[in-house]
Amino acid sequence: MAGKYKVYLVMGVIERDGYTLYCTVLFFDSQGRYLGKHRKVMPTGLERIIWGFGDGSTIPVFETPIGKISAAICWENRMPLLRTALYAKGVEIYCAPTADSREVWQASMTHIALEGGCFVLSANQFCRRKDYPPPPEYVFTGTEEDLSPDSVVCAGGSVIISPSGTVLAGPNYEGEALISADLDLGEVVRAKFDFDVVGHYSRPEILSLVVKDHPMSPVSFTSSSGKVESSQK
């Protein structure tokens, strides 16, 4: 689809690697080529009994003709050190897929746009109870009887925000929709002139961050030749 419509595509998936699942974002370029992925570094709450943890090897920023693109997933957007790593890599188009439709999420997105001097594109699902299969008969949720098939269970709120904190499109809570905006990367330059959190507004002699951006393998094998091989392919 990315190749057909000549668009850059950033999409969420549930990734399986061996016997472990990860909450993951995939990146494709306008020719339909796979660029890479980001794995959620910290699953939220009960997500931790389902998903594995990403590491520093999958927090990329991709340099493209339309800008430097990256993503952080849902509540990991509230992790200041992760955001700082993305700012240090020069992110200009910051994608924030989420399942949080609360009003306070919009405040976080505005803060990130201002803090990072970047465009923030946050996409959230809009869905009703009828969009999901019925719960198994033996499961009692305590809330299902209060929901009709048309009850909204996630209200959306997709939004696009400029580096100055201006809302360019959204937030949309009206139903399934596409939102769009024209992005002027010159706004990134103007925003950084005022405030560059990893540039002229930093104080590395007081505050600094070390990012381990290599894969963290639980098992390594050292052959007789001295070459170290990871257990992960």
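Data overview
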{"quantity": "Failed item, numbered, when Lys4 is tested on (1) among the charged types (D, E, K, R); (2) more than 20 Å from Ser180 (Cβ to Cβ); (3) surrounded by fewer than 17 Cβ atoms within 10 Å (Cβ to Cβ)", "calculated": "(2)"}
{"quantity": "Qualifying position, being more than 20 Å from Gln125 (Cβ to Cβ) and either of a type outside the set (Phe, Trp, Tyr) or in a loop (DSSP other than H, G, I, E, B) (or both), among Gly32, Gly12", "calculated": "Gly32"}
{"quantity": "Test: Tyr94 is within 12 Å of the chain's Cα centre (by Cα), surrounded by 21 or more Cβ atoms within 10 Å (Cβ to Cβ) and either among the aromatic types (Phe, Trp, Tyr) or part of a strand (DSSP E or B) (or both)", "calculated": "yes"}
{"quantity": "Qualifying residue in the stretch 168-187 (condition: assigned to a helix (DSSP H, G or I), at pLDDT 95 or above and exposed (fewer than 14 other Cβ atoms within 10 Å of the Cβ))", "calculated": "yes"}
{"quantity": "Residue count for the stretch 25-56, restricted to those that are out of contact with any Lys or Arg (no Cβ under 7 Å at 6 or more places or on another chain), among the hydroxyl-bearing types (Ser, Thr, Tyr) and surrounded by 15 or more Cβ atoms within 10 Å (Cβ to Cβ)", "calculated": "1"}
{"quantity": "Residues of the stretch 151-167 classified as hydroxyl-bearing (Ser, Thr, Tyr), modelled with pLDDT under 95 and either surrounded by 15 or more Cβ atoms within 10 Å (Cβ to Cβ) or in a strand (DSSP E or B) (or both), total", "calculated": "0"}
{"quantity": "Residue in the stretch 22-65 that is farthest from Leu82 (Cα to Cα), counting only those that are within 12 Å of the chain's Cα centre (by Cα) and of a type in the set (Lys, Arg)", "calculated": "Lys37"}
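The values are calculated or read from the model by the stated rules, or taken from the named source; none is laboratory data. The model shown is predicted, which means the values in this text are computed figures rather than measured ones. Don't worry about glycine lacking a Cβ; one is built from the backbone with ideal geometry, like all the others, and counts go over all protein chains shown.
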